[in-house]
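Asks: Just passing along the structure, written as structure tokens.
The values are calculated or read from the model by the stated rules, or taken from the named source; none is laboratory data. Note that the structure is a prediction, hence the values are computed from the model and not measured. Methodologically, a virtual Cβ is constructed for each residue, glycine included, from the backbone with ideal geometry; neighbour enumeration extends over all protein chains shown.
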Amino acid sequence: MARVYNFSAGPSMLPESVLVKAASEMLDYNGCGQSVMEMSHRSSEYQAIIDGAEALLREVMGIPDNYKVLFLQGGASTQFAMVPLNLMNGSGKADYVITGQWATKAYNEAARYGQAKAVASSKDKTFSYIPKLDPSTFTPDADYFHICMNNTIYGTVYHQLPDTGKVPLVADISSCVLSQPIDVSKFGLLYAGAQKNMAPAGLTVVIVREDLLGHARETTPTMLNYVTHSENGSMFNTPPTYAIYICKLVLEWLRDEIGGLQEMEKINQKKASLLYQFLDQSKLFHGTVVPEDRSLMNIPFVTGDENLDKEFVNAAKQAGFVNLKGHRSVGGMRASIYNAMPVEGVEKLVDFMSKFEAAH
Ligand SMILES: *Cc1c(COP(=O)(O)O)cnc(C)c1O
């Protein structure tokens, strides 16, 4: 069986060695005669898996001790509500930067609970850049300041974090988590749906500074209160057991096979620059994002001709490069090249694009 190069924005590729390991343990995990899927989450075998996943995430990301790691469900989208429910309870204000669809959804949800302010937006140019921020427009007594760090649909990323002073910085890192080192201590809270770069769908990871816990509003549903999960080791109810197990395997791969986030970043830079360099010299294809805000993970590009875009996506699929169709709001193509995409996959894609260009 031939595996394809999958450029999906999410769920996306997992490292092949992780899939092989998971397959080898499918019927009998570690001699206990059952699959991880069948295991009680209250068993000692499973406790070791979730503890191992948390310890590895702390090690790989360098998470300081005064942060809690929570393994939740509901996707990044549930965090759009959990963040304001838990954090927007001092002044009842929060600042949001509108850099795309996910940032907009997060902002709209927060606006239901308090005074959410959009301090800047790049909507005027289809979110093809990260807006310059003017700290004098920030709300000095905001309960937090929210950014979407890597904009999956539009292919932009913050190369520099906003300086929010004492106001906790909250970031949606769904599509850039584990792609390069990140200084967790600069943030009050980080969250990520795992299906882009960590694990299969079903798991959401939250990393939150301890002093931000315990301020949820009275009416917060028990399941949406971070304290419920932090006080119960993410086992208040049944956690997404199998996704957490795969997350642990992905973290082992990152640490032991790749060599950690610094090495991962080098590989990701190599992949992205292969594609950007090709786009910058191509007479047929061009990138849609301003060079200074380009993402390492999601690279949208177009030919400028919708029919030709369609022809390219179909031809690429025939050749084993799948899910290259761009998001409907940008059109054209998008190559999502998360951690598990091998360098070879991008080299072969660039080769295929240059042959397509020559033929057109
Ligand atoms: C995919 C994505 C989401 C939505 O994630 P779900 O887990 O499907 O809710 C939110 N934010 C970003 C940046 C994403 O890439």
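Asks: Does the stretch 164-196 hold any residues that are of a type in the set (D, E, K, R) and surrounded by fewer than 24 Cβ atoms within 10 Å (Cβ to Cβ), and which are they?
Replies: Within the stretch 164-196, K166, D183, K186 qualify.
Asks: Can you name the number of the only condition in (1) assigned to a helix (DSSP H, G or I); (2) in contact with a helix residue (DSSP H, G or I) (Cβ under 6 Å, 6 or more places away or on another chain) that L284 fails?
Replies: (1)
Asks: Would you check if there is a residue in the stretch 142-162 being in contact with a Ser or Thr (Cβ under 9 Å, 6 or more places away or on another chain) and among the charged types (D, E, K, R)? Walk me through it before giving the result.
Replies: Initial filter on the stretch 142-162 (in contact with a Ser or Thr (Cβ under 9 Å, 6 or more places away or on another chain)): 142-145, 147-158.
With the extra rule that they be among the charged types (D, E, K, R), the set shrinks to 143.
There is at least one residue in the stretch 142-162 that is in contact with a Ser or Thr (Cβ under 9 Å, 6 or more places away or on another chain) and among the charged types (D, E, K, R).
Asks: Does at least one position in the stretch 93-106 carry a residue that is more than 11 Å from the ligand (Cβ to nearest atom) and outside any strand (DSSP E or B)? Reasoning before the result, please.
Replies: Residues of the stretch 93-106 that are more than 11 Å from the ligand (Cβ to nearest atom), as a first pass: 93-98.
Pick out the ones that are also outside any strand (DSSP E or B) and you get none.
Within the stretch 93-106, none of the residues are more than 11 Å from the ligand (Cβ to nearest atom) and outside any strand (DSSP E or B).
Asks: Moving on. Based on what the data block shows, is Y67 under 16 Å from H229 (Cβ atoms), of a type in the set (F, W, Y) and either without any contact (Cβ under 8 Å) to a residue 40 or more places away in the chain or assigned by TED's automatic domain parsing to the domain that holds F236 (or both)?
Replies: yes
Asks: Go through the stretch 145-169 and report how many residues are on the phi > 0 side of the Ramachandran plot and away from the ligand (no atom under 13 Å from the Cβ). So that I can check it myself, show each step before the final result.
Replies: Quick first cut of the stretch 145-169, residues on the phi > 0 side of the Ramachandran plot only: 155, 165.
Within this subset, residues satisfying the condition of being away from the ligand (no atom under 13 Å from the Cβ) are 165.
Residues in the stretch 145-169 being on the phi > 0 side of the Ramachandran plot and away from the ligand (no atom under 13 Å from the Cβ): 1 in total.
Asks: Continuing with this model, one more query. What strands (runs of 3 or more DSSP E) completely inside the stretch 155-212 contain at least 1 residues that are without any contact (Cβ under 8 Å) to a residue 40 or more places away in the chain?
Replies: 169-172, 189-193
Asks: Anything in the stretch 197-208 that is near the ligand (Cβ under 8 Å from one of its atoms) and surrounded by fewer than 22 Cβ atoms within 10 Å (Cβ to Cβ)? List them, or say none.
Replies: A201
Asks: I've got another one for you. Of the residues that sit in the stretch 107-141 and are outside any helix (DSSP H, G or I) and basic (K, R), which one is surrounded by the most Cβ atoms within 10 Å (Cβ to Cβ)? Outline the logic, then answer.
Replies: So the first thing to find is which residues in the stretch 107-141 are outside any helix (DSSP H, G or I), and the list is 112-122, 126-134, 138-141.
Now narrow it down to the ones that are basic (K, R): 112, 117, 132.
Values: R112: 11, K117: 17, K132: 7.
Per the stated criteria, the residue is K117.
Asks: Turning to a different aspect of this structure: If you go through the stretch 233-243 one residue at a time, do you hit one that is closer than 19 Å to D51 by Cβ, in the same structural domain as L70 (by TED's automatic domain parsing), touching a Phe, Trp or Tyr at 6+ places or on another chain (Cβ under 8 Å) and of a type outside the set (S, T, N, Q)?
Replies: Within the stretch 233-243, one or more residues are closer than 19 Å to D51 by Cβ, in the same structural domain as L70 (by TED's automatic domain parsing), touching a Phe, Trp or Tyr at 6+ places or on another chain (Cβ under 8 Å) and of a type outside the set (S, T, N, Q).
Asks: Mind checking which residues of the stretch 133-191 are in contact with a His (Cβ under 9 Å, 6 or more places away or on another chain) and under 25 Å from Q269 (Cβ atoms)?
Replies: The answer is T152, I153, Y154, L169, A171, D172.
Asks: Can you confirm whether the stretch 129-141 contains a residue that is modelled with pLDDT of 95 or more, within 16 Å of the ligand (Cβ to nearest atom) and not aromatic (F, W, Y)?
Replies: yes
Asks: What pairs can you find where one residue is in the stretch 76-98 and among the β-branched types (V, I, T), the other is more than 16 Å from the ligand (Cβ to nearest atom) and assigned to a loop (DSSP other than H, G, I, E, B), and their Cβ atoms are less than 9 Å apart, with a gap of 6+ or different chains?
Replies: If the second residue must be more than 16 Å from the ligand (Cβ to nearest atom) and assigned to a loop (DSSP other than H, G, I, E, B), the pairs left are V97/P131; V97/L133; V97/P162; I98/P131.
Asks: Let me ask something else. Does I267 fit the bill of being farther than 30 Å from Y46 by Cα, under 20 Å from the mean Cα position of the chain (by Cα) and surrounded by fewer than 21 Cβ atoms within 10 Å (Cβ to Cβ)?
Replies: Yes: the conditions hold for I267.
Asks: At pLDDT below 95 and either of a type in the set (V, I, T) or in a loop (DSSP other than H, G, I, E, B) (or both) - does that describe any residue in the stretch 339-355? Spell out how you get there, then give the answer.
Replies: Keep residues of the stretch 339-355 that are at pLDDT below 95, which gives none.
For the stretch 339-355, residues at pLDDT below 95 and either of a type in the set (V, I, T) or in a loop (DSSP other than H, G, I, E, B) (or both): absent.
Asks: Determine whether D172 is away from the ligand (no atom under 16 Å from the Cβ), of a type in the set (D, E) and more than 22 Å from A48 (Cα to Cα).
Replies: It is false that D172 is away from the ligand (no atom under 16 Å from the Cβ), of a type in the set (D, E) and more than 22 Å from A48 (Cα to Cα).
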